[in-house]
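Q: Once you've had a glance at the structure underneath, I'll fire off some questions.
No value in this document is a laboratory result; all are computed from the given coordinates. Note that this is a predicted model, so its numbers are computed, not measured.
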């Protein structure tokens with residue numbers, strides 16, 4: 001199973017990765033996914049992503065986690 005982040009706008013709706021937001025890569029472990037979002041959260045916030053949710057496959061693990069308080 002891979003780990004992915006779902007980008008969300010201020011209203012909780014999905015936000016697609018765009019030219020300013022980093023792509024939504026797949027990660028082999030939860031730790032890898034969490035480390036990555038810790039490195040790029042400012043870029044995501046600047047691209048209009050207000051929060052993120054972590055998924056393992058189709059299962060939501062946690063979120064919505066606001067980026068403005070990261």
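Q: Mind putting together the pair-distance distribution for the chain? All Cα pairs, 10 Å bins, whole percent per bin, short to long.
A: 22, 60, 18
Q: So, one more: Enter the angle in degrees (range 0 to 90, nearest 10) between the Cα long axis of helix 30-46 and the first principal axis of the Cα atoms of the chain, meaning the one along which they spread out most.
A: With rounding to tens, the tilt is 10 degrees.
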